[in-house]
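What follows draws every value from the coordinates through simple rules; no lab data is involved. The structure displayed is predicted, hence computed values, not measured ones. Quick reminder, even Gly has a Cβ in these numbers, built from the backbone with ideal geometry, and neighbours come from all protein chains shown.
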């Protein structure tokens, strides 16, 4: 009779997956899809989001198309490590661009513990520059998925989050009322006009 041996987390390899792109590209939707597949596989999951992101819910990760996951709200990345136990198989982190660079060390520690880490976030800010810890997270990740929106001006693939307001704050929460996805050409044309 064949008995299947269950691996303990210490015997498993962990890794980091980064899902990045512009606003309205489906980053959170893809994070939710991957987490739901892990739930089907009966894996133990913990999902985190920054306290600053309360656009759709205080304690849920919500995509623009209303897909929802319950989450643990945190102020800083080190809080993730306090929530992890020996049963945790998968950690999801949404809106990682809002965290400081300590999220990189936390993701690395989790992966080194044998945990699958799925991180979603904007890779560029509204000016088209790399956003927060995302470039470093992409550098240390085993898997990087860049998703794209559709340019609202011309219909091409969009990878820029154009801000429609005059605010120059780096972080300005909002959705369609404050941002629109643009392709490179349309983004550059609008930037030249401003």
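Structure above, values below:
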quantity: Ranked 45, 19, criterion: other C-beta atoms within 10 Å, fewest first; calculated: 45, 19
quantity: D (Stokes-Einstein, µm²/s), Kirkwood Cα radius, the range 9-148, 0.692 mPa s at 37 °C; calculated: 223
quantity: Efficiency of FRET from Cβ geometry, residue 127 and residue 100, R₀ 22 Å, rounded to 0.05; calculated: 0.70
quantity: DSSP beta bridges in the range 9-148 [antiparallel fraction, %, rounded to 5]; calculated: 15
quantity: Residues 70, 162, 148, sorted so that the one with the fewest Cβ neighbours within 10 Å comes first; calculated: 70, 148, 162
